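Q: One structure coming up, written as structure tokens, with questions to follow.
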Amino acid sequence: MNQEFDKIVNEFKKASIALPDQWWDDKKAEFIYNSNKLEGNRLQLVDTYSIINDKLNFSSEARFKDVLEVKGHIKAVDTCIFMARNKYPLTDKTLKSFNENLLSALWKFDEYYSSWKQNKQELGAYKIINNSIKYILGGEEGIIEPVSNTVTVEENMKKVFNEMENISDVLERSAYLAYQVWLNQPFPDGNKRTARLSVAYSLLLEGLPLISFKAEGYHFNEGLLRSHKEKSLLPLINVISTEVKQQLTEIMELDKKLKINKTPPNLGLGSSLLF
């Protein structure tokens, strides 16, 4: 099923492409923009760049909440990249760290979270207030009750990580964890964002670059819902696989063009230029 995926990944690794800092900066902005847009954030990509660069000149109508979401996401993606480069294992602590960073700015400044604080909810901890999953798919709206409630969430997430260790295929493993984060809703907020970061982290640990998940077309959130309705991880696996293949191919094609442009001209002097 994943032969094409494996082929492209192997080609990318063999190419040993050194991605410049500017590429990482651009991909970080793209990741944050798309992940936030999937959850209703109104900011444009140029606005995301502006916030990353500590500027406040927005091209669109920005809500304070939108800006805070970007701020938290910057910390979360930076943490994700740093931890992956230092080979931290993907555990429940890693997941909690992602969620803590994602919500950090909102938690500090958004009044929406004041009631959670009053109920002793801690930032970066599993939920102590029950939540639900609201969705829209093909014009159909609905609510899905999470597998975990406040009593069972800790034990259920332990089972998720134990099961994940038995999955060798990186696509299936990353899709499984992302799906379970969404289905269990272990955190009071930011569960889908955390799920996308967990996939990005799994791929980084495999030696791949940061992969973003586009908000257009057949996207990550739709893959989650399709997987739930079809009782199969395949729809979500297809989303992840498609993004990885496309983005790795784009990097390799760009690298080839740059190498061609850097090739010295043939002056007809044979090998004499080497001596």
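Q: Given labels modelled 7 Å from the Cα in the Cβ direction, how far is it in nm from Glu111 to Glu216?
A: So the two model labels end up 3.7 nm from each other.
Q: Could you size up the charge dipole of the chain around its Cα centre, putting +1 on the beta carbon of Lys and Arg and -1 on that of Asp and Glu, and report it in debye to the nearest 20?
A: Taking the Cα centre of the chain as origin, the dipole is about 420 debye.
Q: Can you compute the charge dipole magnitude of the range 1-51 about its Cα centre, using +1 on each Lys and Arg Cβ and -1 on each Asp and Glu Cβ, nothing else charged? Give it in debye, rounded to the nearest 20.
A: Using Cβ point charges on Lys, Arg, Asp and Glu, the range 1-51 gives about 60 debye.
Q: Quick one: of Lys7/Lys37; Lys108/Lys192; Lys71/Lys229; Lys96/Lys134; Lys96/Lys256; Lys55/Lys259, which pairs are farther than 28 Å apart, Cα to Cα? Don't skip to the end; give the middle numbers.
A: Values: Lys7/Lys37 31 Å; Lys108/Lys192 20 Å; Lys71/Lys229 34 Å; Lys96/Lys134 22 Å; Lys96/Lys256 39 Å; Lys55/Lys259 35 Å.
In this structure, Lys7/Lys37; Lys71/Lys229; Lys96/Lys256; Lys55/Lys259 lie more than 28 Å apart at Cα.
Q: Kindly provide the helix-only [θ] at 222 nm of the chain, computed as the sum of -39,500 (n - 2.57) over DSSP H runs of four or more divided by all residues, to the nearest 500 deg cm²/dmol?
A: Taking each H run of at least 4 residues, the total per residue is -19500 deg cm²/dmol.
Q: List, in order, the whole-Hz ³J(HN,Hα) value for each residue of the range 102-116 obtained from phi through the Karplus relation with A = 6.51, B = -1.76, C = 1.60 and θ = phi - 60°; use x for Gly and Pro.
A: Each residue's phi maps through the Karplus curve to give 4, 8, 4, 5, 4, 4, 7, 10, 8, 5, 4, 8, 4, 5, 5 Hz.
Q: Would you kindly compute the Cα radius of gyration of the range 190-232 and its largest Cα-Cα separation (Dmax), both in Å?
A: 11.5, 32
Q: While we're on this one: At a Förster radius of 30 Å, what calculated FRET efficiency corresponds to the Cβ-Cβ distance of Val147 and Trp23, to the nearest 0.05? Before the final figure, lay out each step's value.
A: Working: r = 38 Å, r/R0 = 1.27.
Efficiency for this residue pair is about 0.20.
Q: Below 8 Å between Cα atoms, with a sequence gap of 6+, how large is the relative contact order for the range 4-122 in percent? Working shown, then result.
A: On the way: 82 pairs, mean separation 23.8, N = 119.
For the range 4-122, the relative contact order is 20 percent.
Q: Under the rule that an exposed site lies in a DSSP loop and has at most 16 other Cβ atoms within 10 Å, name the longest stretch of the chain with no trypsin sites (Lys or Arg not before Pro) of that kind, not counting the sites themselves. Walk me through the numbers on the way to the answer.
A: Working: sites that count: Arg42, Lys55, Arg63, Lys87, Lys120, Lys231.
The longest uninterrupted stretch comes out as 121-230.
Q: Let me ask something else. Where does helix 170-184 land angle-wise versus the long Cα axis of the chain, in degrees 0 to 90, nearest 10?
A: 20 degrees
Q: Evaluate the relative contact order of the range 91-203 (contact order divided by residue number), counting alpha-carbon pairs under 8 angstrom at least 6 apart; express in whole percent.
A: In percent, rounded to a whole number, it is 29.
Q: What nm value, rounded to one decimal, do you get for the distance between Glu11 and Glu155 when each label is placed 7 Å out toward the C-beta?
A: 4.9 nm
Q: So what J values fall out for the range 123-134 if you push phi through Karplus, 6.51 cos²θ - 1.76 cosθ + 1.60 with θ = phi - 60°, rounded to Hz, Gly and Pro as x?
A: Those phi angles translate into 5, x, 10, 5, 4, 10, 10, 5, 9, 9, 10, 9 Hz.
Q: Okay, next question. Given Cα pairs under 8 Å that are at least 6 residues apart, what percent is the relative contact order of the chain? Could you put the intermediate results ahead of the total?
A: Values: 319 pairs, mean separation 55.6, N = 275.
It comes to 20 percent, rounded to a whole number.
Q: Evaluate the distance, in nm, between pseudo-label points positioned 7 Å from the Cα of Lys55 and of Ile136 along their respective Cα→Cβ axes.
A: Once both label points are built, they end up 3.2 nm from each other.
Q: While we're here: Roughly how large, in nm² to one decimal, is the mean projection of the convex hull of the alpha-carbon atoms in the range 1-139? Spell out each step's value before the answer.
A: Numbers: hull surface 48.3 nm².
One quarter of the hull surface, i.e. the mean projection, equals 12.1 nm².
Q: Scaled to the compact-protein estimate 2.2 N^0.38 Å, what is the alpha-carbon radius of gyration of the range 85-230, rounded to two decimal places?
A: Details: Rg = 15.3 Å, N = 146, 2.2 N^0.38 = 14.6 Å.
Cα-based Rg divided by the globular estimate yields 1.05.
Q: When the scattering of the chain is computed by the Debye formula from its Cα atoms alone, each counted once and equally, what is log10 I(q)/I(0) at q = 0.17 Å⁻¹?
A: Listed by q, the Debye log ratios stand at -1.51.
Q: Further, regarding this structure: If all Cα-Cα distances of the range 155-221 are sorted into 10 Å bins from 0 onward, what percent lands in each bin, rounded to whole numbers?
A: 20, 53, 25, 2
Every number here is computed from the coordinates shown, using simple stated rules; none is lab data. Note that the coordinates shown come from a computational prediction; the quantities given were computed from them, not determined experimentally. Glycine also receives a Cβ, built like all others from the backbone with ideal geometry; neighbour counts cover every protein chain displayed.
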